Amino acid sequence: MNDTPAVEPDPAAAARRITERREQLGLTEADLAQRAAMAPNYLRYLLEAGPGFDPGGFVRIAAALGLSRAELLEGRRDAPPGQGGPGPRPRLLNLTEPECWELVGTHGVGRIGLPVRPGPVVYPVNYVVDDRSLAYRTAARSSTDPGEGAAVSFQVDRIDEYLGRGWSVLVLGTAHHVAAPEEVEHLAGLPGATPWVGDRPLWVRVRPDTVTGRRIVSG
């Protein structure tokens, strides 16, 4: 038996999601109350009292907004980062290059920026770090193949929704196709080398010209 008490949803967070979704749909407070079959005054009271006061009322509100109850009370599990907003007294700090490499780690998911027409494009790729360079797997002549010698950018970042903090590292450099069999074998043996999707036989190495980063802190 699990004796851990259930955690009550945060009334303020639920009220914020309701307001944001209502405004996204172009609804007034009266419109939402009508859709949820309740008086406007009662809707306002529910937003202050929280989901624990009238769970059924919040189910009706969620349905009126085209959301599930879980999405309304907990937020979308696949929502883009940054919806929690910044923490108190946010400050932006520059990172040193060693700090940047420490944050990027040995492998992960980043974004490769490619100089194509009619304008630059950015794609997510899983990367490995090797000898102060970044490498990732793709297919020749695919959308993420920058071509030998292309000038590219590579970004890795992280956001802490709960604390309202985060960091971002930006690498500007040149892309090179990895052809030497021993180099390919070496890269394939590194942690995180397996591509997430499909067959990706071509390794691309990004050799940095500049490595910069910033961290947002609060308090």
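Helices assigned as whole DSSP H runs in the chain whose Cα atoms extend at least 18 Å along their own long axis and whose mean Kyte-Doolittle hydropathy is -0.5 or higher are not found. Looking at the chain, the accessible area is 61 square angstrom per residue; that uses a 1.4 Å probe and ignores ligands, DNA and RNA. Take the solvent-accessible surface of the protein heavy atoms, probe 1.4 Å, and return the percent of it on the chain that carbon and sulfur atoms account for. Accessible surface attributable to carbon and sulfur in the chain totals 53 percent. No solvent, one uniform scatterer per C-alpha: report log10 I(q)/I(0) for the chain via the Debye equation at q = 0.10, 0.12 1/Å, two decimals. Ignoring solvent entirely, the Cα scatterers give -0.66, -0.81.
Each residue, Ala12 and Asp54, gets one label point 7 Å from its Cα in the Cβ direction; the gap between the two is 2.3 nm. Projecting label points 7 angstrom from Cα along Cα→Cβ for Arg76 and Arg117 puts them 3.5 nm apart. Mean residue ellipticity at 222 nm, helices only, the chain: -8000 deg cm²/dmol; runs of at least 4 DSSP H residues each add -39,500 (n - 2.57), and the sum is divided by the number of residues. Ligands, DNA and RNA excluded, the heavy atoms of Asp157 present near 60 Å² of accessible surface to a 1.4 Å solvent probe.
In this structure the amide hydrogen of Thr174, modeled in the peptide plane, comes within under 5 Å of the amide hydrogens of Val152, Arg207, Asp209, none closer than 5 places in sequence on its chain.
The values are calculated or read from the model by the stated rules, or taken from the named source; none is laboratory data. Fair warning: this is a prediction, and the values are worked out from it, not measured in the lab. Glycine also receives a Cβ, built like all others from the backbone with ideal geometry; neighbour counts cover every protein chain displayed. Just so you know, the surface numbers come from the protein's heavy atoms only, side chains and all, with ligands and any DNA or RNA stripped out. Shrake-Rupley method; radii C 1.70, N 1.55, O 1.52, S 1.80 Å.
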